[in-house]
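First comes the structure, then the notes that go with it.
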Amino acid sequence: MTDLDTFTDPLDYPLYVVTAATAGEKSGYLVGFASQCSIRPARFMVWLSKANLTLRVAARAERLAVHLLRHDQTGLARVFGGETGDRRDKFSDIAWHRGPGESLILDEQAPAWFVGRVERRVDGGDHVGFLLAPEAAENVSGGEAALLSLHDARDITPGHPVA
């Protein structure tokens with residue numbers, strides 16, 4: 001346990017599924033490190049593990065799609081957090097469609113999603129940050145959905161070891 005763990009353990013972040021697509025490749029990943037980081041201009045930062053296939057696809061992608069999950073979508077969280085795209089096509093049993101700029105939008109009713117153009121990539125240690133400029137968004141929940149959080153997903157064993 002680190003000194004930072006002492007601070008972060010009681011926090012309960014929302015979880016997101018981030019999807020990326022380039023030149024015939026597609027990938028998705030359950031993300032716990034993400035946040036809006038600017039109001040004007042609107043910007044959002046997502047952090048992808050260096051151990052994850054999604055990072056390798058996102059490194060070449062122009063856009064990423066970021067999906068919120070409802071509290072009851074633990075099955076979807078298990079696919080994107082407990083499986084690895086190195087061994088399984090996570091999209092084979094999940095309905096999705098192309099969004100703006102060839103992004104991948106999950107058809108399962110996410111309470112909200114947005115597509116952001118990658119403005120910058122930042123090395124952050126064992127994760128790489130993607131600074132996103134939102135280009136399209138949809139919120140079907142009206143802000144009323146209970147969201148899936150880090151504490152809800154503690155029993156999901158990561159598809160790759162945590163660095």
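Would you list the strands (runs of 3 or more DSSP E) that sit entirely within the stretch 39-135 and hold 2 or more residues that are farther than 15 Å from T19 by Cα?
112-123
In the stretch 95-121, what count of residues is obtained for those that are modelled with pLDDT of 95 or more, exposed (fewer than 15 other Cβ atoms within 10 Å of the Cβ) and either over 23 Å from S38 (Cβ atoms) or within 16 Å of the chain's Cα centre (by Cα) (or both)?
Here the count works out to 1.
Can you say whether R78 is open to solvent by 70 Å² or more (accessible area, probe 1.4 Å), more than 25 Å from R120 (Cα to Cα), of a type in the set (K, R) and at pLDDT below 95, as far as the supplied structure shows?
Spelling it out, R78 is indeed open to solvent by 70 Å² or more (accessible area, probe 1.4 Å), more than 25 Å from R120 (Cα to Cα), of a type in the set (K, R) and at pLDDT below 95.
Can you report the number of residues in the stretch 105-121 which are under 15 Å from A59 (Cα atoms) and in contact (Cβ under 8 Å) with a residue 60 or more places away in the chain?
Total satisfying the criteria: 4.
Output the residue which, of all residues in the stretch 1-25 that are of a type outside the set (G, A, S), open to solvent by less than 70 Å² (accessible area, probe 1.4 Å) and in a strand (DSSP E or B), is farthest from L55 (Cα to Cα).
P14
Just one of R70, R56, R60, R40 is under 23 Å from L148 (Cα atoms), open to solvent by 20 Å² or more (accessible area, probe 1.4 Å) and of a type in the set (D, E, K, R); which is it?
Unique residue meeting the criteria: R70.
The values are calculated or read from the model by the stated rules, or taken from the named source; none is laboratory data. Small disclaimer: the values here were computed from a predicted structure and weren't measured. Here Cβ is always computed from backbone atoms with ideal geometry, including for glycine, and neighbour counts include all displayed protein chains. SASA here: full protein model, heavy atoms, side chains in, ligands and nucleic acids out. Shrake-Rupley method; radii C 1.70, N 1.55, O 1.52, S 1.80 Å.
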